[in-house]
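S.K.: Mind having a look at this structure? Questions to follow.
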Amino acid sequence: MGEIVMNIEEFVSEENHMCNLGDDLFYKIFEFGAIYDLPNNELNKKIIYWLSQYLVGNLREPLDSISELNIFDQFHVYETWF
């Protein structure tokens, strides 16, 4: 059985702030293929939440949370963002 992957509804949910970006900005900065390539797991849900926080101007919370991760997970977070 294959790995469960992210879908747009999960990526743009009310649990994060991606739904607040607006369609124009969302379509401008995100590649749909990359969203569908993300495994749908708890770490990636946190990564999406932290990115949504960052994009709406809340820098401190996501950066503080990311700094508490081990170095490999920190690398994964920033690699996923880019």
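The values are calculated or read from the model by the stated rules, or taken from the named source; none is laboratory data. Given the structure is predicted, the values throughout are model-derived calculations rather than measurements. Cβ placement follows ideal geometry from the backbone for every residue including glycine, while neighbour counts extend to all protein chains displayed. In case anyone asks, the SASA skips ligands and DNA or RNA and just uses the protein heavy atoms, side chains included. Shrake-Rupley method; radii C 1.70, N 1.55, O 1.52, S 1.80 Å.
S.K.: Take each of the peptides 26-37, 6-17, average the number of other beta-carbon atoms within 10 Å over its residues, and list them starting from the highest.
M.R.: Listed from highest to lowest mean packing, they are 6-17, 26-37.
S.K.: Would you calculate a helix-derived [θ] at 222 nm for the chain, using -39,500 (n - 2.57) for each DSSP H run of n ≥ 4 and dividing by the full residue count, to the nearest 500?
M.R.: About -16500 deg cm²/dmol.
S.K.: Taking the Cα centre of the chain as origin, work out the dipole magnitude from +1 charges on Lys and Arg Cβ and -1 charges on Asp and Glu Cβ, in debye rounded to 20.
M.R.: 180 debye
S.K.: Additional query: Give me, ordered by chain and number, the residues 5 or more places off residue 5 or on other chains with an amide H under 5 Å from its own placed amide H.
M.R.: It is 40, by chain and number.
S.K.: To continue, here is another question. Restricting things to alpha carbons, find the Rg to Rh ratio for segment 36-82 using the Kirkwood radius for Rh.
M.R.: Rounded to two decimals, Rg over Rh is 0.94.
S.K.: Rolling a 1.4 Å sphere over the protein heavy atoms, what is the accessible area per residue of the chain, to the nearest Å²?
M.R.: Per residue, the chain has 70 Å² of solvent-accessible surface.
S.K.: Now for a separate question. Ignoring ligands, DNA and RNA, what percent of the accessible area of segment 25-82 is carbon or sulfur (1.4 Å)?
M.R.: 57 percent
S.K.: Where does the chain land on Rg/Rh, using Cα atoms and the Kirkwood Rh?
M.R.: 0.95
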